[in-house]
Amino acid sequence: MLERLRQPWPDRRAELMLGALACAVLLIIVLMVVFVAREAWPTFRHNGLSWLGPGGNVDSQIGTMVNGGRDFHLRAWPLVWGTVLTTGLAVAFGLVFALLASIFIVEFAPDRLRAIIVPVVRLLAAVPSVIFGLIGILVLVPFVGNHIVTAGQKKSVEFVVQLSGASLLVATVILTVMIVPIMIAIIVDALYAVPRTWKEGAVALGVNRWRAMWTVSVRAARPAIIAAAVLATARALGEAIMLSMVSGSVGFAPNPFDGPLFLLEPLRPLAATIVEDAESLQAPAVRSSVYAFALLLLFSSLFLSLAGFLAKQPMKKYGARI
Amino acid sequence: MAVATRPPKRHESIATWRWGDRVAFALCWAAGIGLCLIAALIVGYMAIRGIQYLKPTLLWSHPSGEVDQSKSGGFLDPILGTVLLTIIGIGIATPIAVATAVWVVEYGRPSWLARAVESGIEVVAGTPDIVLAIFGLALFQQGLFGWMSFTAEGGAVFGRSFLTAGAMMSLIALPMVYGNTREGLQAIPRHVREASYGLGKTRIATIRRVLLPAVKPNISTGAALGMGRIAGDTAIVVVLLGATLRLESEGSVPGANVLKGTGSTLTSYVYNNSPAGEGNAAEKAYAAAFVLLLVVVALNFAVDLLARRGAQTGLEGTRLGAGR
């Protein structure tokens, strides 16, 4: 057998073999959708689409399921809303921050600072989410709980929800730090890929460096900026461990009409719910619900990945490898 | 605006800018400096706490489930778990990723299929790790995969083991290895291939003897990045490895019994010892997190070294977002 491997391979067979391996990726994606959807099916059969809607306390509904009930009743709105809130806020802040930082790296940073900041971005992208979560739960959460939440605020909502400091605010801040490096990586590549002559043309017409950057480079890199936002959204949606550590783990939907208190209210996004309920999977109702959460995330990320792939295509015209 | 009469200096003074532009300029600086500060704070804080709580004995004593923290041991098993899981994951991911990249770049026929595979990799890269974990659980609890993990009396498959977790981890590393290999292959000039064909070599012979040796640094870069991702992932470990404190072996075949058994990694150890988990031992969590951070940073430095070696062979320089 080994002797045959050492012989020259027939070209045709090699192509087929490599092609088959490559198509395994597609097979895995199909399997993923099929398996997760099959496990999730009972929940959707019982609840229909009102599964996504509000109604009742989601924590006590899951609690009933854990205790072996075959009652599939679940209204997942607080969890979905939690995901939407953390992701939306983090991507919105992160995009502004990442765009400014990318412009700084490409245009304004002195060479010595650039030599520091580029590895720093890569380092931030590499820090495991559990370390972000650890810093969040041991440093930021107690700080917010002791110094930012006032006793009066705690008292005012004590019959609805406990304000311990684990909150939307902390979750959003850490999530922003986690997704900014991903966005910077894509945006910086795109800004570098904008043909030099375009910007030089703008400078020759008498605009300053910032204007040249903002009106020419950033505009030309718009597809990549959209792609960066889309991919960062996918990453933020799926962040489970860090969010389960700092979000307070309460199936509560923060209400924007509460004023500033809104930012201090706890929540629990979908991905964090999956991690925390993964231990009670032997109860059929919990199992089906958890797979339904996963299915929702899977479809969102499938959609976002394809959107990001399509958004990047226009940049390939001028040779950007992103 | 006045018409410039003399050639401007290389760096114009920003005093001539409009106020809005000056504010934007200041904000750019603030963002850049802020980024460095955040990274410095995170690394500095972890280093201080880590050095404060990390004792050498922690590194080579087995953990145990005592509430009393002076008796709950160290994290030898999680370290071994991290190493084992990383090796399994990258061992599965590298051949598949390299084969896929070679096929897409060198053959790529039919082209619609090649494009589908390329976007498929992108989809895998964008899939949340927790979804991969939960999918892995559904997949490996099928009877077909019973040999990979513990099987109960009634035939129910447990689905959690080093093998199953490693298989799912490989999906996390795959896009990294694929992306770097593809870039390396695309950077090789056309005439290198033509010279090889001109000598009468077939395509596959060219790939094996010419192209793959040339992209070896790229493959190693991708593999190092992928290993960093595997070592840093928590969700798959918590769901698919069982996150038992010690390495629990399964079955009687030496070697295979560890692979079929459950265990923990540094990430799940940190998670379980943080206030979010059952352990609630912040000191142990800090110490383990510091070791974990060192591992990840070391893998990143490895990337730099490899990339520099690659640059010397004249193929490919480093690129800032070697991430997705």
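The values are calculated or read from the model by the stated rules, or taken from the named source; none is laboratory data. Remember, predicted model here, so these are calculated numbers, not experimental data. Glycine gets a Cβ as well: all are built from the backbone with ideal geometry, and neighbour counts include every protein chain shown.
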Subset of segment A:108-132, residues more than 7 Å from every other protein chain (Cβ to nearest Cβ) and closer than 19 Å to residue B:280 by Cα, comes to A:132
Of the candidates A:190, A:227, A:221, A:166, the one satisfying the condition of being within 25 Å of residue A:263 (Cα to Cα) and crowded, with 22+ Cβ neighbours inside 10 Å is A:166
Considering only helices (runs of 4 or more DSSP H) wholly within segment A:205-322, the ones with at least 1 residues that are within 11 Å of another protein chain (Cβ to nearest Cβ) and more than 24 Å from residue A:173 (Cα to Cα) are A:209-212, A:270-277, A:284-316
Taking first residues from segment A:148-165 that are without any contact (Cβ under 8 Å) to a residue 12 or more places away in the chain and closer than 18 Å to residue A:60 by Cα and second residues anywhere that are among the small types (Gly, Ala, Ser) and part of a helix (DSSP H, G or I), the pairs with Cβ under 8 Å that are 6 or more apart or on different chains are none
* Asked: under 18 Å from residue B:103 (Cβ atoms), surrounded by fewer than 21 Cβ atoms within 10 Å (Cβ to Cβ) and not aliphatic (A, V, I, L, M), is that true of residue B:181?
  -> no
Counting only helices (runs of 4 or more DSSP H) wholly inside segment B:75-178, the ones holding at least 1 residues that are buried (at least 24 other Cβ atoms within 10 Å of the Cβ) and without any contact (Cβ under 8 Å) to a residue 24 or more places away in the chain are B:111-126, B:129-140
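Considering each of A:270, A:298 in turn, give the residue that is under 16 Å from residue A:35 (Cα atoms), modelled with pLDDT of 85 or more and under 21 Å from the mean Cα position of the chain (by Cα).
It is A:298.
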Of those in segment A:59-77 that are part of a helix (DSSP H, G or I) and not aromatic (Phe, Trp, Tyr), the residue surrounded by the most Cβ atoms within 10 Å (Cβ to Cβ) is A:65
Filtering segment B:280-318 down to residues that are at pLDDT below 80 and part of a loop (DSSP other than H, G, I, E, B) yields B:280, B:313, B:314, B:315, B:316, B:317, B:318
By residue number, the members of segment A:133-169 that are more than 29 Å from residue B:298 (Cβ to Cβ), within 13 Å of chain B (Cβ to nearest Cβ) and out of contact with any Ser or Thr (no Cβ under 8 Å at 6 or more places or on another chain) are A:142, A:143, A:164, A:165
A careful count of residues in segment B:181-207 that are assigned to a helix (DSSP H, G or I) and in contact with a Pro (Cβ under 9 Å, 6 or more places away or on another chain) gives 3
Restricting attention to segment A:172-186, the residues that are within 9 Å of another protein chain (Cβ to nearest Cβ) and either surrounded by fewer than 24 Cβ atoms within 10 Å (Cβ to Cβ) or among the hydrophobic types (A, V, I, L, M, F, W, C) (or both) number exactly 6
If we ask which residues in segment A:187-204 are at the interface with another protein chain (Cβ under 9 Å from one of its Cβ atoms) and not hydrophobic (A, V, I, L, M, F, W, C), their number turns out to be 2
Of the residues in segment A:71-102, those that are within 11 Å of residue A:253 (Cβ to Cβ) and without any contact (Cβ under 8 Å) to a residue 12 or more places away in the chain number 1
Note on segment A:87-107: residues facing another protein chain (nearest Cβ under 9 Å) and aliphatic (A, V, I, L, M) are A:96, A:98, A:99, A:100, A:101, A:103, A:105
When segment B:236-278 is checked residue by residue, the ones that are crowded, with 19+ Cβ neighbours inside 10 Å, among the β-branched types (Val, Ile, Thr) and under 29 Å from residue A:291 (Cβ atoms) are B:236, B:237, B:238, B:239, B:262, B:265, B:267, B:270
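Rundown of residues vs (1) surrounded by fewer than 20 Cβ atoms within 10 Å (Cβ to Cβ); (2) in contact with a Phe, Trp or Tyr (Cβ under 8 Å, 6 or more places away or on another chain); (3) not basic (Lys, Arg), yes/no style:
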residue: A:10; (1), (2), (3): yes, no, yes
residue: A:42; (1), (2), (3): yes, yes, yes
residue: A:50; (1), (2), (3): yes, no, yes
residue: A:53; (1), (2), (3): yes, yes, yes
residue: A:57; (1), (2), (3): yes, no, yes
residue: A:87; (1), (2), (3): no, no, yes
Note: among A:30, A:36, just one is within 23 Å of the chain's Cα centre (by Cα) and facing chain B (nearest Cβ under 9 Å), namely A:36
Filtering segment B:35-50 down to residues that are surrounded by 15 or more Cβ atoms within 10 Å (Cβ to Cβ) and more than 7 Å from chain A (Cβ to nearest Cβ) yields B:43, B:49, B:50
